[in-house]
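Participant: Here it is, the structure in full.
A short reminder: the numbers here are calculations on the coordinates, not readings from a lab. Bear in mind the structure is a predicted one, so any value in this text is a computation, not a measurement. Cβ placement follows ideal geometry from the backbone for every residue including glycine, while neighbour counts extend to all protein chains displayed.
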């Protein structure tokens, strides 16, 4: 067990190291950060001054080494523009992203799973076809496009502005959660169908267990197991989607901070956000593994 | 009946009375695509910063765009008057009793600090981007409570024009020194009509009316610049009444704004000219570059029907300038002067025939979406070049540092004309021996000896006639070389609610004081 | 007993098949009754409609299989319509059904005890009484540590234990009728014998009747009071067990019985150079991480010798190490120690091109033909693929593949079709053809007929024999089924816990087993021949 956990932790650390290293390299090779920071017609001296201020004139390996050393000491660097710690900038944005993300996840779960279950129970009927058509639409609709439809529709038809944090979280959360809702619905349907047709469901029927009880006590818990993985995975998609959704809705969250920091080559901030997102993903994966132990006895006894 | 009238009158009176207490000025909200990360008016030189700066700060001198969209006249502002004490020394007399937002009254020390060696033009300046404006300054000194002396290394007859640029913004020395450069940029303070309440570079700038403003009443009770990165979202917010003004309406969306009721579109041509530079140099990465031959460059310029393209893309919103002949230059502007090389396909073919051009593709680096309509125009131009037998290949990249990566034959850029009273900047600073064109890693030409000689002559001329003739000779030499080609005068578009009485003039700078914003 | 009123009586039952099936009815004109205390065996091959009959009795026929005619009566009263809610109070309480795969018929995420209690709960037994009754029942089905089993999850049980738990659930409320649908097919012979014994005992104790569905005449002979033989949806013969077994009337019954009784003719050992020699082979599996390392010593010192043209049957229960040994010979596992010699050459640690060349000479046929063949590949190209990989020209390989298809009893046209268009027996022929395409000198068949119906089994075994005499390959035939082993082998190797407990000429081992384990295996195997002795005991 200890070895298992150690291996997991080692892998997590390796994942994080790879993530931060890739960002470190990519942000430096997608054009000179100092040049990107200065206006297009800035003279060379100005660009050089920026490079010096950002420590970009040192050899790459030196920059990398001092970056990693900083990470090890828990120093994540300072935003080049504001001079404030990257961590602080991130933490400021976090609440509004969490608010948006959790609302989106909630919508996706609360709408997607019942929809998929309902479709599975009514398999092959018009309800099923409609539910699946809807979930394919939801999954395939780019949230950028859907967000624009929502926001323009709101303004042109209802004279209401759905953007910004003053408005309700619902339109933005719906936009962000739509794709996850679609995939939850489809996955819930197939998982439940597979379970409903499993031999133990026939066996329970043969023992006289009534239909609703079979669904609630046998089908649902078994069908829920693979869904946990999907929910864990979809968190990554939610984070990625929040970058776009926050842009469209003018929502001042981590996603917007990231886009902006990449555009202005605010290296420390970009690196910290990527590190934080990678950490989140690693943690979620770990959480999913632990949750499996709770809900699936077959894994527990391994 | 009488009773009813009396009740009604009473109600109106009451309403009026309660109104008198409430602040009836509007709260103006502007949706912008972005904000510069710092609001220091020099470190933050940029379109996104300039929209904000003049609302928080005042310059020593300003341009009158509220009556003349081109703003060619100077208006004394924080500087009440000035005189040229000697060819190299200017004396500025400051306005008395101008308070900063904290009540501290502005004096000569603040001005001297704002233009100081320490801040702008020393060895390691606090705001390095100020060097260009402060070029030639060798001394800035407070010689009295409200007088400042400025000395330049060479005589500069147009020095005062520089005081309308970011060089002219006056910062509170005491506050700046107390909080430091970075903190000042995050919580700036000036003498302007609005005082900052909060600034978050990725969210918004929020400011309220400065009721102690020396320049008179402030027409809005508050002013907010909010980042809404997506144009459609800004537009939605405008239509829904959330915003009063939105910036950067894409060229292809203008029609939609015009057709929407309750909002209006404002398209302004501004002092910036999209163009491209020919790479006239043969380098290691680009050996035997055919563009070294001026005839090929001229053949390319004469192959393009710029007027036709601009008409098709912009209608009458802008025009094609003859090189360096810009309306913002007052006396130097000559509406009748034409470019030497204009659209003439026959001439183009003749010129081409004199070159050894072998039809090899010429690579044109263009930064994606940076200049409105640039990519579309480029497509047209590639077609017209093809007609005369020149192959140009467009390579669109994501940012300028990628565009600057060699090898390339042509490079997109724009030239700001900068209001300095004469064509000094675009002609001499942007193409002269100290310019990026000749010195940066992405340099594209080496000035000819004649160009350098004429440039010196121009720089040292003190009287208009001498300066003007030097200017015209310099332009001629530039056209002889043809190291680039101007496309059009840039256009910025705003959309605003229909009943907003506000007009920024031909400028990307937005100011909401009572000269620009009517108190409707 | 003959005059007692029937617990279950089926009259003229016909169930339609969906349109486009290979016949119009799943079952037609079924007439059958089960009297109190009686065991009726419903025998037939898969697809004969046995399970349809079983499911119709418990009201679980799917909509796609509508009852079009006939009456079903239970304890004198007509049963409700299929899938009716009224069945909820009959199932588990009056009629129970157990399935072939016991582990799969338990909910994997619930403790077995809870699943047993659920049966009591849904049939109205008071909460307090449930635990005790469930525990008693677990004890009654002969589970060693009922309290532990009660707390266990299904995956923690062996197949035999799980089937006991399922039986406990089925008999918990002492139903009048127990329908057992192939309940022992997935089990080892010894476990099968125990389960059959248990069913017999509980049936007597609880006064239940049993409708036992099987394809295995060995079992039928052991337990049936009466036998109904089904073929293509109809009962072709129904009568007392002795009558049917001793004097079958219908030709189909006779054919089934003959297939079950068949045993291989003994062939003389030809002393030539051995194709395969194994000396003192050991294999240990290691699993787990650094600190929780587990090791299983799967093969312990096995030695054998096999000559060309002969068949060695390796017999043992699951977990005895037969398959592990086969994987060593195939070089899919690396042996810890010992030697494997193929045509005199030591192949124990062969690598690279020589190993590749060896793979061509030793071929493998697996138990499940469905999973060992690519569903998206046409049959002909699946067969020709091996030779093509080993550098045969495509045209030649395909011509040979077509030949092999005919040799293995399929038409050459079949080569253009896809795997899903074939039955299990046909697919196994295809797998054999594929193995023979490389002209192996040694064929290893691992439970190659275990998934097949008896009569198909007989055909495939015949095919193996005729192909062997035609091509002359040696064969290692791994099976848990002694009847199969007897019918195909020249020599036999009996394995238990990774060791060889007995080996020798097949005839000798079957007629005079020396090792107690071999004896136990032989006596546990249900066999028509052993019926008389079982009755006498």
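Participant: Report, in deg cm²/dmol and to the nearest 500, the calculated mean residue ellipticity at 222 nm for chain B, where each DSSP H run with n ≥ 4 adds -39500 (n - 2.57) and the sum is divided by the residue count.
Facilitator: Estimated from H runs of four or more residues: -8000 deg cm²/dmol.
Participant: Taking Cα centroids, how far is region B:69-127 from region B:210-259 in Å?
Facilitator: Between the Cα centres of region B:69-127 and region B:210-259 lies a distance of 31 Å.
Participant: Taking the alpha-carbon set of region B:393-438, what are its Rg and Dmax in Å?
Facilitator: Here Rg and the maximum Cα pair distance are 13.2, 38 Å.
Participant: Take peptide C:116-127, look around each residue's Cβ out to 10 angstrom, count Cβ atoms belonging to other protein chains, and average those counts.
Facilitator: Counting other chains' Cβ atoms within 10 Å and averaging over C:116-127 gives 2.
Participant: Hey, another quick one. Compute from the Cα atoms of the protein assembly as shown the Rg and the Dmax, the latter being the longest Cα-Cα distance, and quote both in angstrom.
Facilitator: In order Rg, Dmax, the Cα atoms of the protein assembly as shown give 45.5, 139 Å.
Participant: With runs of 4+ DSSP H residues as the only contributors, calculate the mean residue ellipticity of chain C at 222 nm using -39,500 (n - 2.57) per run, divided by the residue total and rounded to the nearest 500.
Facilitator: -11000 deg cm²/dmol
Participant: Also, I was wondering about something else. If neighbour count is taken as other Cβ atoms inside 10 Å, put B:39, B:187 in order from fewest to most.
Facilitator: Final ranking by Cβ density, sparse to dense: B:187, B:39.
Participant: Now for a separate question. Where does the Debye-calculated log10 I(q)/I(0) of region B:76-221 sit at q = 0.15, 0.19, 0.21 Å⁻¹, using only Cα point scatterers of equal weight, no solvent?
Facilitator: -0.80, -1.21, -1.39
Participant: While we're looking at this one, here's another question. Which of rounded, prolate, oblate describes chain B, given a ≥ b ≥ c as roots of the alpha-carbon gyration tensor eigenvalues and a/c under 1.5 marking rounded, otherwise prolate only if a/b is larger than b/c? Please report the intermediate quantities before stating the final value.
Facilitator: On the way: a/c = 2.17, a/b = 1.42, b/c = 1.53.
Oblate, because a/c is 1.5 or more while a/b does not exceed b/c.
Participant: May I pose another question? Compute the label zone of residue A:194 within region A:123-149: residues whose backbone N is under 11 Å from the point 7 Å along Cα-to-Cβ.
Facilitator: No residue qualifies, since no backbone N sits under 11 Å from the label point.
Participant: Now a separate question. Where does each of B:191, B:73, A:195 land when they are ranked from fewest to most other beta-carbon atoms within 10 angstrom?
Facilitator: Ranked by crowding around the Cβ, least crowded first: B:73, A:195, B:191.
Participant: Among DSSP bridges having both ends in the protein assembly as shown, what percentage is antiparallel? Round to the nearest 5.
Facilitator: 65 percent
Participant: Using C-alpha positions alone, give me the convex hull volume of region B:179-255 per residue in cubic angstrom.
Facilitator: 132 Å³
Participant: Counting DSSP beta bridges in chain C, what percent are antiparallel, to the nearest 5?
Facilitator: Working: 44 of 81 bridges.
Here the share of antiparallel DSSP bridges comes out near 55 percent.
Participant: Order of C:60-66, C:296-302, B:350-356 by packing, highest average Cβ count within 10 Å first?
Facilitator: Sorting C:60-66, C:296-302, B:350-356 by mean packing, highest first, produces C:296-302, B:350-356, C:60-66.
Participant: Quick one: divide the alpha-carbon radius of gyration of region B:389-520 by 2.2 N^0.38 Å and tell me what you get.
Facilitator: 1.39
Participant: Residue by residue through C:100-109, how many Cβ atoms from other chains fall within 10 Å of the Cβ on average?
Facilitator: Going residue by residue through C:100-109 and averaging, the value is 6.
Participant: With label points built 7 Å along Cα→Cβ from the Cα atoms of residue C:121 and residue B:311, find their separation and express it in nm.
Facilitator: Placing both labels 7 Å beyond Cα along the Cβ direction yields 8.6 nm.
Participant: Compute the Cα gyration tensor for chain A, then decide on rounded, prolate or oblate, letting a ≥ b ≥ c be the square roots of its eigenvalues: rounded whenever a/c is under 1.5, prolate when a/b is larger than b/c in the other cases, and oblate in all that remain.
Facilitator: Values: a/c = 3.33, a/b = 1.64, b/c = 2.03.
Note, shape of chain A comes out oblate.
Participant: Please tell me the relative contact order of region C:97-164 in percent, rounded to the nearest whole number, where contacts are Cα pairs under 8 Å and at least six residues apart.
Facilitator: 45 percent
Participant: Considering every residue in A:144-153, what mean count of other chain Cβ atoms within 10 Å of its Cβ is obtained?
Facilitator: 3
Participant: Moving on. State the Kirkwood hydrodynamic radius of region B:285-337 in Å, one decimal place, computed from all pairs of distinct Cα atoms.
Facilitator: This gives a value of 13.8 Å.
Participant: Give the relative contact order (percent, whole number) for chain B; include only Cα pairs under 8 Å separated by 6+ residues.
Facilitator: 20 percent
Participant: Now, a different point. Counting residues in region C:364-466 as N, plug N into 2.2 N^0.38 Å and put the Cα Rg over that result. Numbers along the way, then the final one.
Facilitator: Numbers: Rg = 12.6 Å, N = 103, 2.2 N^0.38 = 12.8 Å.
Ratio of Rg to 2.2 N^0.38 Å for region C:364-466: 0.98.
Participant: Find, to one decimal place in angstroms, the Kirkwood hydrodynamic radius of region B:161-318, where the mean of 1/r is taken over every pair of different Cα atoms and then inverted.
Facilitator: About 21.0 Å, per the Kirkwood formula over Cα pairs.
Participant: Right, next: Neighbour counts of other C-beta atoms within 10 Å: give me B:224, B:448 arranged from fewest to most.
Facilitator: Arranged by neighbour count, lowest to highest, B:224, B:448 become B:448, B:224.
Participant: Given Cα pairs under 8 Å that are at least 6 residues apart, what percent is the relative contact order of chain C?
Facilitator: Details: 1043 pairs, mean separation 79.8, N = 537.
Relative contact order, chain C: 15 percent.
Participant: Convex hull over the alpha-carbon atoms of region A:205-302: what's its volume per residue in Å³? Each step should come with its number before you reach the end.
Facilitator: Numbers: hull volume 11.7 nm³, N = 98.
Taking the convex hull of the Cα positions in region A:205-302, it is 119 Å³ per residue.
Participant: Now for a separate question. From the square roots a ≥ b ≥ c of the eigenvalues of the alpha-carbon gyration tensor of region C:70-227, which class results: rounded (a/c under 1.5), prolate (a/b over b/c), or oblate?
Facilitator: Oblate is the answer for region C:70-227, as a/c is 1.5 or above yet b/c matches or exceeds a/b.
Participant: Still on this structure, please answer the following. If R₀ is 30 angstrom, what is the calculated FRET efficiency for the pair residue C:471 and residue C:247, using the beta carbon separation as r and rounding to 0.05?
Facilitator: My answer for the efficiency is 0.15.
Participant: To continue, here is another question. Specify, per residue and in Å³, the volume enclosed by the convex hull of the alpha carbon atoms belonging to chain C.
Facilitator: Value for chain C: 175 Å³ per residue.
Participant: Rounded to whole Å, give me the distance from the Cα center of region C:37-105 to that of region B:388-436.
Facilitator: Region C:37-105 and region B:388-436 have Cα centres separated by 86 Å.
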